[in-house]
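The values are calculated or read from the model by the stated rules, or taken from the named source; none is laboratory data. Every value quoted in this text rests on a predicted model; they were computed, and no experiment measured them. Glycine also receives a Cβ, built like all others from the backbone with ideal geometry; neighbour counts cover every protein chain displayed.
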Amino acid sequence: MRLSGRVVSIVFDLTFAGSPCGTVDANEPPGVAVAYTVEIAAGQPATIGAERMTIEVRRIRDDRCPTEPGPNGEYVACAWQGHAAVTLRVAVGADEAREVVVGTPAPAHMNLPYEATLGPYRFRLIGLVPGSRPFVGRPLEEYRMTIRVTRR
């Protein structure tokens, strides 16, 4: 199995309907899942060789509550944590690359991106650093993200 970028873990999840052991995500059908946790930086695509998949970051929209002080040292108080959305370009085998959008959790009624599906794959953003800045954005190259890719 060839992996590039930084693959943090590979998990084989064996869950069976009615099985008393393990946990089953209510949104996932029972069966065998393979999950990859991949760290990606802009300009540095990650490759999951076993899936013949390449993932690269195209865009980030970061509207999360700032974690750093503003230009005059002031902090911002937020009513909610905000949201960040990451657009990924995913190529699998010889198929044409497609874009998917994943994001940080948000209330369902807001209809903001969270998970994305492409064929048998589900993509989920599980980490995005650094935090946002008040009043100014960050260059794309400063971000690092952790993506969970699951294949059913």
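Tallying residues that are on the phi > 0 side of the Ramachandran plot and either among the charged types (D, E, K, R) or surrounded by 14 or more Cβ atoms within 10 Å (Cβ to Cβ) (or both) within segment 35-72 yields 1. Segment 51-152 holds strands (runs of 3 or more DSSP E) entirely within its bounds, and those carrying 1 or more residues that are among the β-branched types (Val, Ile, Thr) and over 16 Å from Glu39 (Cα atoms) map to 82-92, 98-103, 115-118. If you go through segment 97-118 and keep only what is at pLDDT below 95 and more than 16 Å from the chain's Cα centre (by Cα), you end up with Pro107, Ala108, His109, Met110, Asn111. Looking for something farther than 19 Å from Val101 by Cα, modelled with pLDDT under 85 and not aromatic (Phe, Trp, Tyr) - is there at least one such residue anywhere in segment 33-54? Taking every residue of segment 33-54 in turn, at least one turns out to be farther than 19 Å from Val101 by Cα, modelled with pLDDT under 85 and not aromatic (Phe, Trp, Tyr).
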